[in-house]
Amino acid sequence: MAAASWYHRDISRVVAEDLLAKAGRDGCFLVRDSESVAGAYALCLLFQRHVHTYRILPDDEGLLSVQTIQGIQAKCFRTLPDLIGAYQQPNNGLVTPLLYPVHRHRDAADEDSDGEDGRGNPAGSAGGHGGSTGLGAPPARPHISQQLQLRLQEQVHSSPASDFMGFMAEYLTQHLQLDLEALRNGHLQLRHLSTALVTACRALHSEIDFTLAGLEALARVFDPPASPRSPAREQGFLASDPDLELLLNKISAVNHLLSSLEKKVLRSLQDTVSRHNLALPSLAAPPPATKPLAVQSFEVKVGKSQRAALRVDVELGTVTVTKKGSGSPEEIIPQDKILQLIKYQSVQSKVRLVYGRDPQRSLSKDFVFPSARKREAFCQLLQLMKIQHSNLDEPDLISVYVGTWNMGSAPPPRSLASWLTSRGLGRTQDETTACIPHDIYVIGTQENSLGDREWVEFLRASLKTLMAIDYRVVALQCLWSIKMVVLVKPEHERRISHVHTSSVKTGIANTLGNKGAVGVSFLFNGTSFGFVNCHLASGSEKTHRRNQNYSDILRSLVLGDKRLSAFDLTLRFTHLFWFGDLNYRLDMDVQDILNHVTKKEFGVLLAVDQLTLEREKNKVFLQFREGDISFPPTYRYERGSRDSYMWQKFKTTGVRINVPSWCDRILWKSHPETHLVCNSYGCTDDIVTSDHSPVFATFEVGVTSQFVPKSAPGSSPEPLACIEWESIEVIVKTASRSKCYIEFHSYCLEEAQRSGENNSQSCDVPGFLRMGWSAKQLPVLNPILSDLEYLGDQHLLLSIKGVESCESYGECCIAMRSMIGSTAQQFETFLFHRGEETGSMRGWMKVRVPKERHSTRERLYEWISFEEEDETPAADTPPCPKPPLRSRPHSLPEASSYTNPAYFIFEGLPTACGAPAESPTWGQRPHSPFRARVPSPRGFLLSPPGAGRQKRPKSAVLERDAPAMGDCSLTALHMASCLSQLERLAPERAGHSHKVQLRQTHSALEPPPRRSPGLPGRTTDARQHGHPGEWPCDRSSHLGVQQGQEGLCVHGWDDPEFFRYPPAPELAAGGLEQPGTAAPRVPGRAPRPGGDER
């Protein structure tokens, strides 16, 4: 490719177009490096005075192809010359064949590009590359740190201590100037040099301590029991061995060097200051507590082809827009004029900036970044700029870093910079934002052999070196070698309260701490956080054991408010983060795994990931979420390298196979209608001391402050806020028929409240209990504060308890934000208990707020919104109003997205007759002022958007779970049976709809909407229908599989094959005399050693 004259390397688009314009003939072409995709090329072709640019993209195998429009088969080539030769022929999809190559000029600049680049000369030697700052300006003197770095570089090649040299280079580049400035001010203590030496020698310090402790123990063994130890005799014994004498000499030499090195450095710097023959830093104010952020620049496209540069100055609070080649002046936008930032969902690299030009007029500009990663970096910088320049006493938004690493019982490397700055593989931080310090760091480790205090100080020193911030320790919790450290910025220390720690052993018989979990919880102002770091059972075949470990930890960890101890651990916190070495493996042959890893086909591997499969079956981590995995498996690597996996483990009992797997994970769960965005999720590629790679994730989290009302409660005669309930309906999976009551907990209530007993109850379906409460049985709740701004951040925790046993049948969380208004709003949610889904709840409620307390404000994270992607409706579908911009990405729950339980999924299925009768209880209702909803047809139950399904991992394949649904009282066959019954009963019971109660056996059992025959203008999407008057139909009738499949097809299920292999007991329950054979093995999944535990 170097010999091809038409390849112009990395010239810009503008230069390429100029060269083609000078050539001036149709068919002139050249190839340059792509400016938007690394490793790709741009083919520039002139035709009819226009330059047409085609991207040449490599695939996973390195084959090159010209990007074509959809539907055109791409032609792949091994080399770029082969591709160019093929497209020199006519009829290849280009506007014209490649006829006349535009040759690269071989001038002096071209020759320079083959040698040393001018930017690589740190001393700035005279070579014509910016040797002076202006006409007549004297040559710039090299800074003292530059000269010392050159001397250090000369030593690096001849010294085996490359790690130590690298650490010293970090001191010379970052902290030497601070010591010089302190010296100029009369301080003779080189504080930063001392810190650097202490950190660099930490490994030596621990080794000497270990060795000396052993020698002292050995000396005590040989001491006479009745006489004290003789120093002279001990000294003579040690000196008699030449090896020990050499060791003593080395220790003495280290002592001498450490004591004399600081004096030598001090003397050298004093001579430098006295002679003034080197450039010195100017006298300035004392260094700030944190590193000031440098001005960051972004190359963007404005409009169709206009190039521009965006400069973000966080410290000054401005965004500068400079259009290239237009001659227009720079436009400076102050941060207080920026009104909104809109991220496009359809184009991941595009953003719209809305800003005010004057009080009466606002403008907007669209910018297209080179990549989505650059766009996110720009948005993060603007978010940080808004935070720094806000006049708020308390933050609305903080950043949280979570890291997990199985250290393999080996000491850590000298530097953890890549881990702590989220750099490596996967979704990583852009270089412009990687070194922005986070507000909270949570570091979880497993198999950590360091001492507790030593590990904490090492982390603090590492962060101080990277961020120039002395982070405070919130909590340290350890269980054997499982450790968790929580660090926080000094300014946030006062905002942390109610810190709790706990640990759970899950080793052999749950008595050994080699496996288990540690937990930390606290309040950040008004927001509760929980963190769990765990190390679960190892072994590919121990999936069930890992599931049990999870349940034990969930049940036994004592964290959070003691008043909420009866609630599921996952409901006690606004945000709960769960991470660690979960040890879930990949169910695939090791060679197939290695092939997919080489091709970066992670989606195929995630489809056989045990954790993904167990989550899909609702066995573990219900309603938890995880970032997209775009990095290779983090276990089991060969130590000292990341080039190969060491999947064979030799033991005395034989060879054990440890397939490469994503053992190290980070998941989280948040209350509904809260703000949490995962900005990065990946692993490092340069920390090689363990067979695991460290994993990191960073989050943008909205927090609430300790609200202070403008007027004291009760100081004025206006009525206080109240929470009123119209009705609540609950389905629980239980064989009990006990009466129940509901307990209400919230931070906005003075104390817990409880309802009366349920006034309606039925058990038409075996194994399930349906209960109802009317307004008379439900209490009116009075919050301690009545302000809208305060109540919009609050949540209610509800627990269904038996009257006789007072035991919980399930708990749930309801956000009050969407319930605020003068009329009742509908809610729907799952019930959980000890990590299991136990039922479902729905109802109507309203939160009434006095008009005098309606004032609120926009949160700092709400000024960033997302453009909704347009969906083309069907031709006969009535148009719906376009929803407004929302302040959450698609990955977050909708403002009203309490997941629709599958128990209600087939309620109100339409019959062959007309519209169902109106229901006074479940009809159309007005909406909350906090959200906008699309009105539902009158008399139809409107479930929240996306109801009936949880967010599933991208690798989820619905058919994979069919053979092993787990414990299901109502399986897919029952759905088919009920649907067929409804179809058959429709002519007999016209005008009536039937409710079929269903347990959610899968996280996505909602069929796709399909227009039903005989019902023009309406779809059978179960989310849009429902009537409470009737309850489950009898499923005891004897039905055939054919009838069930017909019913499924009619009601929107495209693939009845999913229901082809139900378990034998369910076939018998459905009335079939000859159950089918066993389900086929899932394709692509290797058999489990010892049998399938699922």
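The values are calculated or read from the model by the stated rules, or taken from the named source; none is laboratory data. Quick caveat, the model's predicted, so the values are computed rather than measured. Methodologically, a virtual Cβ is constructed for each residue, glycine included, from the backbone with ideal geometry; neighbour enumeration extends over all protein chains shown. Each accessible area value is taken on the protein alone, full model and side chains, heavy atoms only, with ligands, DNA and RNA left out. Shrake-Rupley method; radii C 1.70, N 1.55, O 1.52, S 1.80 Å.
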Prolate/oblate/rounded label for segment 7-101 (Cα gyration tensor, a/c 1.5): oblate
Where THR684, THR322 fall by accessible area, highest first, once all protein chains stay in place (1.4 Å): THR322, THR684
Prolate/oblate/rounded label for segment 295-389 (Cα gyration tensor, a/c 1.5): rounded
Rough spin-label spacing in nm, given labels placed 7 Å along Cα→Cβ, for ARG453 and LYS600: 4.7
Accessible-area ranking of ARG545, ARG78, largest first, probe 1.4 Å: ARG78, ARG545
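Counting only other residues whose beta carbon sits under 9 Å from that of GLY356, what net charge do I get with K and R as +1, D and E as -1?
Details: positive: LYS337, ARG357, ARG361; negative: ASP336, ASP358.
Taking every Cβ under 9 Å from that of GLY356, the sum is +1.
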Karplus 3J(HN,Hα) series, Hz, for segment 782-793 with 6.51 cos²θ - 1.76 cosθ + 1.60 (x for Gly, Pro): 10, x, 6, 10, 10, 6, 4, 4, 6, 5, x, 9
Amide hydrogen neighbours beyond the local backbone of MET646, cut-off 5 Å, H modeled: ARG636, TYR637, GLU638
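Accessible area per residue of segment 787-834 at 1.4 Å probe, in Å²?
26
With all protein chains present and a 1.4 Å probe, how do THR320, THR653 order by accessible area, largest first?
Working: THR320 10, THR653 130 Å².
I get THR653, THR320, largest accessible area first.
Report the equivalent ellipsoid semi-axes for segment 397-702 in whole Å, largest first, defined as the square roots of five times the eigenvalues of the gyration tensor built from alpha carbon atoms.
Details: eigenvalues 158, 102, 73 Å².
Equivalent-ellipsoid dimensions as semi-axes: 28, 23, 19 Å.
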Nearest-10 value in Å² for the accessible area of GLU626, using the 1.4 Å probe: 30
Solvent-accessible surface (1.4 angstrom probe) belonging to THR704, in square angstrom, nearest 10: 30
Rg followed by Dmax, in Å, when segment 13-64 is reduced to its Cα trace: 12.0, 37
Gap separating the Cα centres of segment 459-513 and segment 666-703, nearest whole Å: 16
Listed residue pairs exceeding 20 Å between alpha carbons, taken from LYS619/LYS733; LYS464/LYS489; LYS542/LYS617; LYS542/LYS651; LYS562/LYS739: LYS562/LYS739
Theoretical FRET efficiency, 1/(1+(r/R0)^6), r = Cβ-Cβ of LEU512 and ARG361, R0 56 Å, to 0.05: 0.20
Radius of gyration and maximum dimension Dmax of segment 361-406, Cα, Å: 15.2, 56
